1. Could you tally the net charge around Arg286, taking each other residue with its Cβ under 9 Å from the Cβ of Arg286, Lys/Arg +1 and Asp/Glu -1?
2. Which angle between 0 and 90 degrees, to the nearest 10, do you get for helix 148-172 versus the longest principal axis of the chain when only C-alpha atoms count?
3. Let me check against my output: what whole-number percent is the relative contact order of the range 28-350, with C-alpha pairs under 8 Å and at least 6 apart?
4. Between the range 351-416 and the range 102-177, what's the alpha-carbon centroid distance in Å?
5. List the lysines whose alpha-carbon lies under 19 Å from that of Lys377, not counting same-chain residues fewer than 8 positions away?
6. In vacuo Debye scattering of the range 218-264, one point per C-alpha: log10 I(q)/I(0) at q = 0.24 Å⁻¹?
7. Using just the Cα positions, wrap the range 2-97 in a convex hull and report its mean projected area in square nanometres, one decimal place.
8. Which net charge results for the neighbourhood of Ser223, defined as the other residues with beta-carbon distances under 14 angstrom from its beta-carbon, given Lys and Arg at +1 and Asp and Glu at -1?
Amino acid sequence: MTGYEAAKAKYEALGVDTDRAIERLKKVPVSLHCWQLDDVIGFDNDGGLTGGIQTTGNYPGRARTPQQLMEDMEEAMKLMPGTAKLNIHASYAIFEPGEFADRDALEPKHFAKWVEFAKKHHMGIDFNPTFFSHEKVKDGLTLSSPDEETRKFWINHGKACIRISEYFAKETGVPCVMNIWTGDGFKDVPADRMGPRLRCKDSIEQILSEPYDRNLVKPCVESKVFGIGVESYTVGSAEFTLSFAAQHEGCMPLMDNGHYHPTEYVSDKIPAMLCFYPEFALHITRGVRWDSDHVLLLDDETKEMAKEIVRNDALDRVYMALDYFDASINRVLALATGFRSWQKALLTALCTPNEMLKELQDTNQLGKLMVMHEAVKMLPIGEIWEEYCRREGVCDDLHFYDEIERYEREVLTKRG
């Protein structure tokens, strides 16, 4: 009997079909963010990263061209089991030599090479307007700015992104989630908290007035607690985005599990959201003390988020995407590690005897429930993970770093 067969038998005793869990997981799309590979720089400006976010570190080998970024993405994908979507920001537009379009004038043609890449790898594409790292971010504000010309520029940018999102969906045959997030806010206590939010509300409504097929484009609004330089007030708070999505049909809320107070848990928010929203989006990261966007690992909160999605039969209702950026380590390693960690969390959730545990709760067998929770933690999920990797044709954890070292030696260290 193989290690997998022995592990499978243990799960079967609890009513879990591990083969079925593996087959289900293979088909769950998770968006893979390109910005881990170049420190969120993009291709449309030479300036530094702004907007309340930052990367730290200067590990050699950062992707500096579209070709390098796509090569690194392909290398990371060789190490990842499961189904990936491509997730890009508007700042990653690819222009022909001598060509340039500002963000309010972007067109589908500026992303044609991304579509070509996605088709090559049978991927859908998710998209994000880029409301940061641009000279027209006036006094730290975009969609909420009191300056009409500033707001108009960014509204037009959002509308352009709606058109590009629909282009992605039509070309790939997969709906495009388009996420609206801005770092608008103030460093110190503002005199007017409502005014910027009313302007932001109007701006997003204008963006969403752009005609689009709701079966193809899935717009969403993302909240945040604070960012660097905007510590005292954020326009797009959780209450603002949740209320906006609730009142605007076709617009989803997006939760980033790094965008809350450290004592809040998105794993607890997920089932609450599922009571009211048919669909919503989720950015998955690892915040250390704040929204630090560390590489995702298989920690407790990561596992709990996956459990809540799976046990509530919501794999088709939650649009899952990774969102972190670490410049202090090998970037390809970071991208692949985070994806594998989320796959492990989902596999663990799919191999959890959820119905049995729910029954214990509903029949008030709380002592036994606690004991079974602890027993489930010791099940041989590692054997199931190795079998999943084998079936998907990717290396196991013990040989994962060997491939990273080879790519770094042969490719990354040779970059300027």
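Nothing in this text is a laboratory measurement; each read-out follows from the coordinates by a stated rule. Because the structure is predicted, anything quoted here is derived from the model rather than measured. In this analysis, Cβ positions are derived from the backbone assuming ideal geometry, glycine residues included, and neighbour counts consider all displayed protein chains.
1. Values: positive: none; negative: Asp293, Asp299, Glu301.
After counting each charged neighbour, the total is -3.
2. 40
3. Numbers: 643 pairs, mean separation 66.4, N = 323.
Computed over the range 28-350, the figure is 21 percent.
4. The two parts, judged by their Cα centres, are 35 Å apart.
5. Correct list for Lys377: Lys8, Lys10, Lys303, Lys307, Lys344, Lys358, Lys368.
6. Cα-only, vacuum Debye calculation for the range 218-264: -0.85.
7. Numbers: hull surface 39.3 nm².
Averaged projected area of the range 2-97's Cα convex hull equals 9.8 nm².
8. Working: positive: Arg197, Lys201, Lys224, Lys269; negative: Asp184, Glu222, Glu239, Asp256, Glu264, Asp291, Asp323.
Around Ser223, the charge tally is -3.
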